[in-house]
Amino acid sequence: MIRLNADTPNDVLQDIKVGDMVTDTFSKTGIVESIETDDDGLYKIYTFHLVTGRTITVKR
């Protein structure tokens, strides 16, 4: 299981793929269904959609 939070290194965030088990260490845990990445110029934003219907967002 991979922990996703503000301290997760960029190389770990980039290596996550569909089917990986992830958690936000609080209440959201599940298998990754899809991944979106966006760059707003200041942050790179990773959005992980889980099969449970929840979403984990990490700004780096």
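The values are calculated or read from the model by the stated rules, or taken from the named source; none is laboratory data. Treat the numbers as computed from the prediction; the structure is a model and nothing was measured. Please note that ligands, DNA and RNA were not included when accessible areas were found on the heavy atoms of the full protein model with its side chains. Shrake-Rupley method; radii C 1.70, N 1.55, O 1.52, S 1.80 Å.
Taking Rg and Dmax of the Cα atoms in Å straight from the coordinates, which label in [x] 10.6, 30; [y] 20.3, 62; [z] 10.1, 31 is the correct one?
[x]
So if each residue of separation counts as 0.36 nm, and I subtract the Cα-Cα distance between Asn10 and Asp40, what length gain in nm does that give?
Stretched out fully, the Asn10 to Asp40 stretch lengthens by 9.2 nm.
Which of Asp15, Asp40, Asp24 moves most in a GNM of the chain, Cα contacts under 10 Å?
The residue with the greatest mean-square fluctuation here is Asp40.
Determine which aspartates and glutamates satisfy two conditions relative to Lys28: a Cα distance under 20 Å, and not lying fewer than 8 residues away in the same chain.
In chain and number order, the partners are Asp7, Asp15, Asp20, Glu36.
Please work out the average accessible area per residue across the chain, using the 1.4 Å probe convention, and give it in Å².
So the chain comes to 66 Å² accessible per residue, rounded to a whole number.
Can you tell me how much longer the chain between Thr25 and Arg3 gets when fully stretched, taken as 0.36 nm per residue apart minus their C-alpha distance, in nm with one decimal?
Residue separation times 0.36 nm, minus the Cα-Cα distance, leaves 7.3 nm.
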